[in-house]
Amino acid sequence: MWDEYITGSCSRISPEAPVPVVLAKEEKRMPGGATNVLKNLVDLNISAGIMGVVGADENGLKMIRELKKWNLNAVEIWESPDRPTTIKTRILAQHQQLLRLDREYAKPIPKALENKILQVLRQMIHKYQAIILSDYDKGVLTANLIAGIMEIANASNVYVAVDPQVRHFHHYKNASLMTPNEKEASAGLGVDFPENEEEAIAIGKQIQEKLNLKHLLLTRSEKGMALFENNKSVKLIPTVAKEVFDVTGAGDTVVAVFTAAIAAGSTPLEAALLSNIAGGIVVGKLGTATASNEELQHAIEPEYLHYEEYSL
């Protein structure tokens, strides 16, 4: 997936329709989707690889060429002739996103391609401490593929982190970590959006029990995060974001930093606190962004390590 940004200025309304006219001044394109999770890991100097699907087109070839520049330990990308490479185009003016245009084909990948992906994963799984499933609901992470990945990872005792989509919510049973936001969590359970802290905690507890998750990190926007561990307690972590310019990709940063911290030997609480700080860094930037090691080190302050713990 490519993230494309067209940035300009807006000073009038179109005479053709009641929409703003943007005078384009800058255009840029960068890898997005699951590759943004990967970029977060790379910028933290984590050894990582990627598996995924692009279209059999020029945009797909450009993606593969770009990823091969990232000093990864594996680039396993399949070109699928039945779909274009996804492009999300965002139009911005005065630091505000006015429109997003998606070009994509999100039907499930064929069974034969699922089998190829699983075959390669079986051969590579011994190299990794963790797998991150970045589910953008674009047809790659099918129910069958998710089940196969979970089986291979669990058999090899590999940590499985999931940034979920509602469609596949219940297919991620027995994952090590899930990082839904409140909207995804409530929709995944088929309940109303939580109106207060008590309702958010109840939703998180229910998800962890139903899906048998080792860790659940419920992201709550300006309200921070809630970390659920082993159905015993919840730790409420307040937000550290000072200014919010763009929340694009913040969830990618959270799942990447949490998983990297766990793989490095951190406790779940330490991983959550670090991912909260990293999320606060990236929402203060415009566009898809990451947090570097240096930024994280400079951002860690005693007041950002506070939390409240409640028994479940």
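Within the stretch 186-204, restricting attention to residues that are within 21 Å of the chain's Cα centre (by Cα) and closer than 12 Å to Ala226 by Cα, the residue that is surrounded by the fewest Cβ atoms within 10 Å (Cβ to Cβ) is Ala200. Take the conditions (1) touching a strand residue (DSSP E or B) at 6+ places or on another chain (Cβ under 7 Å); (2) buried (at least 16 other Cβ atoms within 10 Å of the Cβ); Asp102 misses just one of them, which is (2).
Considering every residue within the stretch 267-281, establish whether at least one is surrounded by fewer than 24 Cβ atoms within 10 Å (Cβ to Cβ) and either outside any helix (DSSP H, G or I) or in contact with a Pro (Cβ under 8 Å, 6 or more places away or on another chain) (or both). Checked the stretch 267-281: at least one residue is surrounded by fewer than 24 Cβ atoms within 10 Å (Cβ to Cβ) and either outside any helix (DSSP H, G or I) or in contact with a Pro (Cβ under 8 Å, 6 or more places away or on another chain) (or both). Kindly list the number of the only condition in (1) outside any strand (DSSP E or B); (2) of a type outside the set (Ser, Thr, Tyr); (3) modelled with pLDDT under 95; (4) on the phi < 0 side of the Ramachandran plot that fails for Asn71. With respect to (1) outside any strand (DSSP E or B); (2) of a type outside the set (Ser, Thr, Tyr); (3) modelled with pLDDT under 95; (4) on the phi < 0 side of the Ramachandran plot, Asn71 is out only on (4).
Residues in the stretch 154-185 that are more than 19 Å from the chain's Cα centre (by Cα) and not in a loop (DSSP other than H, G, I, E, B) were compared, and the one that is nearest to Lys235 (Cα to Cα) is Asn154.
Residues in the stretch 251-261 that are crowded, with 24+ Cβ neighbours inside 10 Å and aliphatic (A, V, I, L, M): Val254, Val255, Ala256, Val257, Ala260.
Within the stretch 105-120, how many residues turn out to be in contact with a strand residue (DSSP E or B) (Cβ under 7 Å, 6 or more places away or on another chain) and closer than 14 Å to Leu141 by Cα? Looking only at that region, the number is 4.
The values are calculated or read from the model by the stated rules, or taken from the named source; none is laboratory data. Because the structure is a prediction, the values reported are computed rather than measured. Note that each Cβ is placed from the backbone with ideal geometry, even for glycine, and that neighbours are counted across all protein chains shown.
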